[in-house]
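Only one structure is covered here, and it is reproduced in the block below.
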Amino acid sequence: MNKFVIYPLLAMPLLCQPSFAATPVEQTFRYEDNEIVIRLAPRTGQQIAAFYEGRGFPAEAIRHLAGHCFITTSLRNKSERVTWLRLADWRFVAEPAPIRISLSEWQQYWKMEKLPANLQSTFYWTQLPDELNMQPSESVGGNLVFQYSDHPFNVDVTLRSGEQMDGPVKQVQIKNVQCRKE
């Protein structure tokens, strides 16, 4: 068989693949150095709705959640010492300022809406914890939730280190984070 005939035949499966509509590329914001990796990934309302629908949330709760700005956040401690995630030390900066909805505010809302305890628990394990001491090589992840806004904002991250938070402090700014539209 002629070698020039083989190449088109090998390419035939690639040409016969079904085409799919293009989906928007996920926009992520990332910072990495020799001590920490931080990743922020804004989610669409449709992604949030699908996630919580798959876990049995009622339609009204799903509509409420999908109207907010979810930023899936992950951190990995690459250092050799304890690094503290303390959301009280983080700042979300813009004009107008983004409004983060805290876990205690969600707790009040879910109680008022009479969301079953098992679904409240599901919601809480998907959120970034307010505080955590990350051991060397440890990772943590979860969502930060804001009132939806079209305005980009900066995330000023402050991370303390050491067993008693008595080590060096790292400050990182991640610029122009933005909620995702559908």
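We did not get these values from a lab; they are worked out from the coordinates using the rules stated. Just so it is clear, the structure is predicted and the values come from calculations on it, not from any experiment. Glycine also receives a Cβ, built like all others from the backbone with ideal geometry; neighbour counts cover every protein chain displayed.
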For HIS64, HIS151, order by how many other beta-carbon atoms lie within 10 Å, fewest first: HIS151, HIS64
Fully extended contour minus Cα-Cα distance, from ASP130 to SER74, at 0.36 nm per residue: 18.9 nm
GNM result for the chain, Cα springs below 10 Å: residue of GLN120, GLN27, GLN108 fluctuating most strongly: GLN108
Cβ-Cβ FRET estimate between ALA88 and GLU113, R0 fixed at 25 Å, reported to 0.05: 0.40
Point-to-point label distance, ARG39-GLU105, nm (Cα→Cβ direction, 7 Å offset): 2.7 nm
Candidates SER74, SER137, SER149, ranked by Gaussian network fluctuation over the chain, Cα under 10 Å, top entry: SER137
Net charge dipole size for the chain [Lys, Arg +1 and Asp, Glu -1 on Cβ; Debye, nearest 20]: 440 debye
log10 of Debye I(q)/I(0), alpha-carbon scatterers only, for the range 35-182 at 0.11, 0.14, 0.19 Å⁻¹: -0.45, -0.71, -1.17
Residues ASP89, ASP150, ASP130 arranged by fewest to most Cβ contacts within 10 Å: ASP150, ASP130, ASP89
Tensor-based shape of the range 119-182 (alpha-carbon gyration tensor, a/c under 1.5 rounded, otherwise prolate or oblate): oblate
Two-site label geometry, GLN27 and GLU182: point separation in nm, points 7 Å out along Cα→Cβ: 1.8 nm
Sequence-separation-based contact order of the chain, relative, with Cα cut under 8 Å and 6+ spacing, percent: 27 percent
Two-site FRET efficiency, GLN164 against ALA59, from Cβ-Cβ distance with R₀ of 35 Å, rounded to 0.05: 0.15
Proxy reagent accessibility, fewest Cβ within 10 Å first, across CYS69, CYS179: CYS179, CYS69
